[in-house]
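Inspection log for the structure reproduced underneath, given as structure tokens.
None of the figures in this text is laboratory data; all of them are computed from the coordinates on show. In this text, all values refer to a predicted model and were calculated from it rather than measured experimentally. Methodologically, a virtual Cβ is constructed for each residue, glycine included, from the backbone with ideal geometry; neighbour enumeration extends over all protein chains shown.
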């Protein structure tokens, strides 16, 4: 199982709630859109997903072969 | 043969038509409709609820219809005023339902126990914006029964609210009525969709149909209903094209089918000196005037509306032309409402006169006779 | 819908072709709507039997996005329409999504009477203390002395405590949560949905556009921080003085007292008895 943080910038309105409450502070708002600035430090806790008013950021769990 | 009040007969007719949901609020002189519905509906497995106010009564009625039931409410003037916003919603969202309005004397709280026919124009134009109205006015207890069945048929067939314009005279009148064991009348039920849910477009009118099929909530078609302008998917849109299309559809489904909706009774119109156009409880006064008129040497014809809206303008015009009628006297319990429609329809083809009353009393035959004499003397 | 970039939850419970929604940047409503969808999924309701009803206002746009039987009605009347739907078809899970103006001002009468009947409807009030759709007028939950476009000198009216109102009116499940406390919100929504009678959740939302900005409560982030820093639970609040809890949001379960549900009573005490000839 691999977890990936996904961002749908088309839906992001740049409110900054996800970045502010991100525990490891790996998110930022650049030109009114969310960006993942440090992929390695992201713990995939998905608090951003829970609090995103626009469903623009989420953690996807993918089955990994092998 | 049973002795029933007009208000009770409405409920019996509704149940015969398949009504299984009633939500209302008590108001004189319509309260017996709610009382009879509360008593009778559980016997047929139906539901009755007394809501907290008139607005809620209309809203819950529409809710019941959306859940798939044939639904009805009843009210009178002040309550009708409160219901009109949601009647407009039902028109816009195309939700079939029936509203019994037992007209009482107004304006405002008026004379609650006295008759009137003062809500006729409100039945047509009560809610804001352009929408069609179907309104039927019975003149007897047994007609209240049959007219309510027809109201449900029209509501289901055209997916629109239908108003039964009772008045206190008919609502509180007790008459013998034969309730048929087996109804000799077609009962129309709304069409349900037959397509797969993923292909369902809630407001798309299928080729050759008048209105879209309507599933009840919970039947597997998850769709959206709104009072906003919507397209054929049912979702809101700001498109003027969609707005024009929807609003035209709402009007034309009734305007294109007036022949199906219009019903009236004609009595002795051939060679009449004066044609008396009337409806509802007042038609009984007019009937009683006929003998007096004959004795006074006046040939009196009667045009009794059963369908008040849409108004039978073409039919009236044709009858006036065909029989070379010189005078039309409109008898109604108001300050002059349907007379405006008559005037508009006839465009000067005959003299249009009015007799009404706005003091809470009924019209009496001698008063109608006096007016007939005046009309004849001046014409 | 494979090309739509959205989480499994959103794909399963939303009409993704209608997204993004119309709400402003940072509006708490989106958070609460997602939490409600998560709760509906978690409790395992058959989506064909879920019916979402709303009135008018920002909150009331929610049903249009959600992939259930959805009904967007007239201002204030959502609970009245919902009452008709529920009584006509009790097997439906009827959920009202409404706002503070819709539920507590124009629709206040329906709110208290549905609670009194304990009819099986879950009402989630997206409470942002303002009329957002019309541009920031004061509502029955705008705090005293805050400003609004119709209270330019400050709002001089007391507020409704929706939990106390729902409780006093007879609702059998009453709770409060916020758009910040999402895990709590999901749990509360689940319990509200599973309660058979009338459930009310006063869900505190934030309107950065018309409330936060106008009252120096800041932008979306600052409003979320305000919810985070000023919320206490009902148990803690019990031990505090009136002064201490004055500006606090008191969250959690306020009442969980299952009671006979209206439609069930109607079936059992009215229809069944009449059909058996046992009616009084």
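Okay, here's what the table says:
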| read-out | value |
| --- | --- |
| The range C:223-270-the range C:184-211 distance, computed between alpha-carbon centres (Å) | 10 Å |
| For the range C:104-167, Kirkwood radius (reciprocal of mean inverse C-alpha pair distance, Å) | 12.8 Å |
| Residue order, fewest to most surrounding Cβ atoms within 10 angstrom, among B:332, B:181, A:60 | B:181, A:60, B:332 |
| Tilt relative to chain C, helix C:28-43 - C-alpha long axis, 0 to 90 degrees, to 10 | 30 degrees |
| Diffusion constant of chain B at 4 °C, which comes from Stokes-Einstein with the Kirkwood Cα-pair radius and 1.567 mPa s, µm²/s | 61 µm²/s |
| Most mobile listed residue (B:161, B:206, B:115) in chain B, GNM with C-alpha springs under 10 Å | B:206 |
| Inter-chain Cβ neighbour average for residues B:223-235, partner chain, 10 Å | 5 |
| Of all DSSP beta bridges in chain B, antiparallel share, percent nearest 5 | 25 percent |
| Solution diffusion estimate, µm²/s, Stokes-Einstein, the range C:1-155, Kirkwood Rh from C-alpha pairs, 20 °C, viscosity 1.002 mPa s | 133 µm²/s |
| Among B:307, B:148, B:285, residue whose mean-square fluctuation peaks in a GNM of chain B (springs only between Cα atoms under 10 Å) | B:285 |
| Taking N as its residue count, the alpha carbon Rg of the range B:2-177 over 2.2 N^0.38 Å | 0.90 |
| 222 nm mean residue ellipticity, helices alone, for chain B (DSSP H n ≥ 4; -39,500 (n - 2.57); rounded to 500) | -12000 deg cm²/dmol |
| Square roots of 5 times each gyration tensor eigenvalue, C-alpha, the protein assembly as shown, largest first, Å | 55, 25, 24 |
| Rounded to 10°, Cα long-axis angle of helix B:6-17 versus longest principal axis of chain B | 40 degrees |
| Coordinate range along principal axes, alpha carbons of the range C:8-276, Å, largest first | 63, 46, 32 |
| Convex hull projection area averaged over all views, the range B:23-95, Cα basis, nm² | 4.5 nm² |
| Residue with peak Gaussian network fluctuation, chain B [Cα springs, cutoff 10 Å], from B:345, B:16, B:38 | B:345 |
| Antiparallel bridge percentage (DSSP; both residues within the range B:2-177; nearest 5) | 20 percent |
| Kirkwood Rh, angstrom, the range B:265-378 [1 / mean 1/r, Cα pairs] | 13.7 Å |
| The protein assembly as shown - share of DSSP beta bridges that are antiparallel (%, nearest 5) | 30 percent |
| Alpha-carbon centroid distance for the pair the range C:20-74 / the range B:252-275, whole angstrom | 49 Å |
| Within chain A, helix-based [θ] at 222 nm, where runs of 4 or more DSSP H residues each add -39,500 (n - 2.57), nearest 500 | -2500 deg cm²/dmol |
| Number of partner chain Cβ atoms within 10 Å, mean per residue of C:214-227 | 2 |
| Between the range B:317-379 and the range B:55-102, the Cα center-to-center distance that results, in Å | 33 Å |
| Rounded to 10°, Cα long-axis angle of helix C:78-88 versus longest principal axis of chain C | 20 degrees |
| Computed [θ] at 222 nm, helices only, for chain C once each DSSP H run of length n ≥ 4 contributes -39500 (n - 2.57) | -9000 deg cm²/dmol |
| Average beta-carbon neighbours from other chains, 10 Å sphere, peptide B:27-40 | 0 |
| Estimated D of chain A in µm² per second, where Rh is the Kirkwood radius over Cα pairs and Stokes-Einstein applies at 37 °C, 0.692 mPa s | 274 µm²/s |
